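*Asks:* Here's a structure for you.
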């Protein structure tokens with residue numbers, strides 16, 4: 001199909017849209033769990049991380065652009081750490097930092113977005129389910145493994161893990 005001399009590939013556009021939607025959806029799923037736990041980063045933040053990393057990875061997703069895609073993914077998963085670092089805080093009077101799980105979830109969401117952008121929907125689906133499973137596990141399992149109980153409610157603590 002041609003529009004004013006430009007070639008238009010409807011199936012290519014649908015594939016692009018599905019990649020972007022997959023990255024955003026993975027982020028929304030993870031963000032939904034974080035929102036449910038009243039964390040600083042939630043549905044919008046995680047959805048944007050998934051969408052943004054999917055968009056960046058999609059730019060170089062052609063089979064002849066493997067080296068460029070590799071560099072983009074490396075840069076994304078390294079750089080996203082700065083966003084994750086923004087949710088980690090050490091509150092006065094606490095000995096452990098807060099926000100580590102949310103920071104890790106942001107990093108995982110970036111990887112999910114990269115996988116979506118590169119068209120690997122099996123990884124996106126499987127890893128999203130696994131990440132959600134880990135986030136749903138409550139701290140009682142960690143306490144059984146020897147981690148002390150979190151500070152009492154109302155002490156300003158958000159999360160330790």
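*Asks:* Using the Kirkwood radius built from alpha carbon pairs, what does the Stokes-Einstein equation give as D for the range 102-141 at 10 °C and 1.306 mPa s, in µm² per second?
*Replies:* Translational D for this selection: 149 µm²/s.
*Asks:* Could you work out the helix-only [θ] at 222 nm for the chain, with each DSSP H run of four or more residues adding -39,500 (n - 2.57) and the total divided by the number of residues, to the nearest 500 deg cm²/dmol?
*Replies:* -21500 deg cm²/dmol
*Asks:* Right, next: Given a Förster distance of 22 Å, report the FRET efficiency between residue 142 and residue 40 from their Cβ-Cβ distance, rounded to the nearest 0.05.
*Replies:* 0.60
*Asks:* Please report, in whole Å³, the volume per residue of the convex hull around the C-alpha atoms of the range 11-139.
*Replies:* In the range 11-139, the Cα convex hull volume per residue is 94 Å³.
*Asks:* Hey, what did the chain get for relative contact order, percent, Cα under 8 Å, at least 6 apart?
*Replies:* Averaging sequence separation for qualifying contacts and normalising by length gives 27 percent for the chain.
*Asks:* Still on this structure: Select from 129, 73, 30 the residue whose mean-square fluctuation is largest in a Gaussian network model of the chain (Cα-Cα springs shorter than 10 Å).
*Replies:* Top of the fluctuation ranking is 129.
*Asks:* Apply 1/(1 + (r/R0)^6) to the Cβ-Cβ distance of residue 71 and residue 121, taking R0 = 25 Å, and write down the FRET efficiency to the nearest 0.05.
*Replies:* 0.65
Bear in mind these aren't lab numbers, they're just calculated from the coordinates by the rules spelled out. All values reported here derive from a predicted model rather than from experimental measurement. Glycine also receives a Cβ, built like all others from the backbone with ideal geometry; neighbour counts cover every protein chain displayed.
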